[in-house]
Every structure is written in C-alpha cells, then in structure tokens.
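Colleague: To start, I am sharing the structure in question, which I have written as structure tokens.
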Amino acid sequence: MHMNKGTQNIKTIHQVFTLLYVFLVLCVFKLLLVTLSFSLFRKLYAKLRGSHVENVPYLIFCINGISNYIPFGFTCLPKALTLKYFMSKDTEAKLVVGVKLSNQGLEAHAWVEKAGKFLIGEFTEEQFKPIWEWQ
C-alpha cells in the first residue's frame, strides 16, 4: 500500500470493505453513545470483541478520513472507541479519557495510545489529565 503525507490509496476490495465496516462501527457507536446512558454503553462495549485487523495505519486512515468527509462528523470518543474495538486483541493499546479545565469549563478528550505513542486522538499543547483507561 502506498503512503504519501498521511494519505493512503485504496487498492483492494478488502480495503473497501474495511472502510465500509469502519463507517458502520463509527455510526453504531455514535448512535449508542447518544441513546444509551454512558454506564450502560460501557457495559455493552466491554462485552464486544472486535475483528482483529493487522493494518492499524489503514484503520486510522479510515477513521480519520470518514470523520473528515462526513457532514455530521465524529468526535474523539467514537473515533477512539472504534479504533480500540478493532484492536481489542492488542493488550498494549489502551483507550484513555482525560479532562482539563479551560475557559469554557470542563473539557474531555479521548484517545488511543500504545507504548506511549498516540494512535488516534492526539493533542498538542492542551494537557488532559487521564481519568479513565480501557485496555
């Protein structure tokens, strides 16, 4: 697969199906987050076992690409939940939710990291204090 400045070319039917599957998972997680209480969502999510996907960079490309081109978009939490869902068998990857106090009040952010590196949901100058982790 060809990579060029953070973009990838979709070359196989498998990649197309992966892109569609990622879109479906993003939509389901967003819908569940909007309709269920967070405690109920957490219980449901903990029981899910995602499909193991070897090509994590392609997953990240799909998640970010879909989020950038869909009018209603996806926030950091559905994006992080989706990546962790597909990486559920990777015990080193963890989904982190953090908070910070800003001029607008309490803000939250979600990301997935592995071995100290951000996979999705990276932030720059804003420091969020981790309050919860899913491994």
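The values are calculated or read from the model by the stated rules, or taken from the named source; none is laboratory data. Being a predicted model, the structure only gives us computed values, none of them experimental. With ideal geometry, Cβ positions are generated from the backbone for all residues, glycine too; neighbour counts draw on all protein chains shown.
Colleague: Could you list all residues from the range 77-131 that are within 16 Å of the chain's Cα centre (by Cα), among the aliphatic types (A, V, I, L, M) and surrounded by fewer than 21 Cβ atoms within 10 Å (Cβ to Cβ)?
Modeller: Those that are within 16 Å of the chain's Cα centre (by Cα), among the aliphatic types (A, V, I, L, M) and surrounded by fewer than 21 Cβ atoms within 10 Å (Cβ to Cβ): Leu77, Ala93, Val96, Val97, Ala108.
Colleague: OK, next. Any chance the range 79-89 includes a residue that's closer than 19 Å to Val16 by Cβ and in a loop (DSSP other than H, G, I, E, B)?
Modeller: The answer is no, given that none of the residues of the range 79-89 is closer than 19 Å to Val16 by Cβ and in a loop (DSSP other than H, G, I, E, B).
Colleague: Could I ask something else about it? Within the range 46-55, does at least one residue satisfy the condition of being crowded, with 17+ Cβ neighbours inside 10 Å and outside any loop (DSSP other than H, G, I, E, B)?
Modeller: The answer is no, given that none of the residues of the range 46-55 is crowded, with 17+ Cβ neighbours inside 10 Å and outside any loop (DSSP other than H, G, I, E, B).
Colleague: Suppose we filter the range 62-77 for residues that are assigned to a helix (DSSP H, G or I) and of a type in the set (A, V, I, L, M, F, W, C); how many remain?
Modeller: Going through the range 62-77 one residue at a time, the tally reaches 5.
Colleague: Quick one: what pairs do we get from the range 110-135, first residue within 12 Å of Lys94 (Cα to Cα) and at pLDDT below 85, second surrounded by fewer than 17 Cβ atoms within 10 Å (Cβ to Cβ) and of a type outside the set (A, V, I, L, M), C-beta under 9 Å, 6+ apart or different chains?
Modeller: Taking only residues 6 or more apart or on different chains, the pairs are Trp134/Arg42; Gln135/Thr91; Gln135/Glu92.
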